[in-house]
Amino acid sequence: MRGSHVRRGTNLPRMGDFNQSVILDAIRRSSEGLSRVELVELIGLSPQAVSNITRRLLAEELIVEAGKAGSGPGKPRTILRINPSGRFAIGVHLDPAVMTVLLMDLMGVVLQRRVRETPVETEPARIIEIIADEVRALIEESSVDPARIEGIGVAPPGPIDQPAGAVVDPPLLRGWSRVPLRDALAEATDMPVFVEKDVTAAAVAEIWAGGHESTRSFVFVYIGTGIGSGIVVDGEVLRGTSGNAGEIGHIVTDSNGPECSCGMRGCIAVTCDPQSLVREAEALGVLNGERHRNGDVADGLLRLCAIAEEGNELANEILDRAAVRTARAVSVVTNLLDVDRVVFGGPFWEPLAKRYLEVMPSSLPSYRAARSIHPLELVSTRISDDVAAVGAACLLLEQTLGPRAERLMLAQ
């Protein structure tokens, strides 16, 4: 892709100040669009400031005028809406089993998607080369003007060193010891690259692509090979010093549970993740050689859930026990953050969803400090199993267009 006319992305100062981002975000979140008068009332800026900012957004083709509205006296108001094709972004989910690469528009709609197995030989240079090839193929297959593509967001498993854009010894990607993924992929594609831990990317996806009703404060519980969380407070993702906030694997959910590698007993990592459920089902004889092929975790979990649906008591006990343990972990996080919604998703969530959403609500109240003040909503993400890849693409939108607090430093 070197030498092509792919734009290097829109840098924050050129995109404008915090107020511009707030206005763009307000328009994006409105299902019907907003007029300039409504923006003045909603945001509190002067009519002149709103007029100047919306003029810039129209010139950047980030918004469009979408007809008139008004049934009372006075001049009809011009409605402003997001221009979905104003910008695009590429998202990559680097899972130890499967790579997903997709192209997304400004409203979070996936336009093109490519999926392939991650090679068993996970040598970093080879994986990065494959990702770059997939990105090039994706752009060629689409009808999108490359000049409108903001860049590439990549969501690998953690831990990561976000300031350095590096992947640091993830358990299931052998040989990935401080791999400079951001810089290497930028060099291979000649495009801007952002790196975010997969669970945090999933939370970003929920903000940008979760629909107009998405709440501004929530915890995203990501159930993949392991379990992690992404945290959003007042519309902003909490990342921590190195980009690894939300690591919940060592919250103790059962003090009598199995011993964990950290030295404690009954951590999430050994009681609630899919591998733990499959191991428990094998130990109790619910899964055997016929029911669980080749030690594959996805196959084992699907079989366990299917057997539970058929009425097997032991299988149901395993899932119910895991749901209660997960509720305990969720209560620890929600008590700390005082959010009113928990969103569940990830590649292993769907087979568990029905059972968990039946069991967890009745388990949570006794653990919640604010139970008499406000309810806690438990929901499944409306985004597909590709939530991490969608979130990776949303990174570019969040970084360049979102009303992030640090952008106040850029305001004039």
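For the chain, the share of DSSP beta bridges that are antiparallel, to the nearest 5, is 70%. Between residue 255 and residue 372, the contour length at 0.36 nm per residue exceeds the alpha carbon distance by 39.4 nm.
Put simply, the chain fits an ellipsoid with semi-axes of 39, 27, 18 Å; these come from the alpha carbon gyration tensor as the roots of five times its eigenvalues, largest first.
Shown for 143, 177, 21, 217: other C-beta atoms within 10 Å of each C-beta, ranked fewest to most, produce the order 143, 177, 217, 21. Please give the helix 387-401 orientation as an angle from the longest Cα principal axis of the chain, in degrees from 0 to 90, rounded to the nearest 10. So the helix axis and the longest Cα principal axis differ by about 30 degrees. Between 0 and 90 degrees, the angle of helix 350-363 with respect to the longest Cα principal axis of the chain falls at about 80 degrees. Close amide H contacts of residue 378 (hydrogens built in the peptide plane, cut-off under 5 Å, sequence separation of 5 or more or a different chain): 342. Couplings for segment 309-324, taken from phi via the Karplus curve 6.51 cos²θ - 1.76 cosθ + 1.60 with θ = phi - 60°, read 4, 6, x, 5, 5, 5, 5, 5, 5, 4, 5, 5, 5, 5, 5, 5 Hz in order; Gly and Pro are left as x. Counting other Cβ atoms within 10 Å as a rough exposure proxy, the listed residues 241, 253, 118 run 241, 118, 253 from fewest neighbours to most. Between residue 116 and residue 61, what is the label-to-label distance in nm when each label sits 7 Å out along the Cα-to-Cβ direction? Calculated label separation equals 3.0 nm. Charge tally around residue 129: other residues with Cβ under 12 Å, Lys/Arg +1 each, Asp/Glu -1 each, net -2. Using θ = phi - 60° in the Karplus curve 6.51 cos²θ - 1.76 cosθ + 1.60, the 3J(HN,Hα) couplings for segment 367-377 round to 9, 8, 6, 9, 4, 8, 9, 8, x, 10, 8 Hz; x is entered for Gly and Pro. With neighbour counts taken as other beta-carbon atoms within 10 Å, the residues 284, 364, 301 rank, fewest first, as 284, 364, 301.
Between 234, 385, 340, the residue with the greatest mean-square fluctuation in the GNM of the chain (Cα pairs under 10 Å linked by springs) is 234. Using just its DSSP H runs of length 4 or more, each adding -39500 (n - 2.57), the chain gives a mean residue ellipticity at 222 nm of -12000 deg cm²/dmol after division by all residues. Dividing the mean sequence gap of close Cα pairs (under 8 Å, 6+ apart) by how many residues the chain holds gives a relative contact order of 19 percent.
Readers should treat all values here as calculations from the given coordinates under stated rules, not as data from a laboratory. Not measured: the values here are computed from a predicted model. Ideal geometry is used to build each Cβ from the backbone, glycine not excepted, and the neighbour counts take in all protein chains shown.
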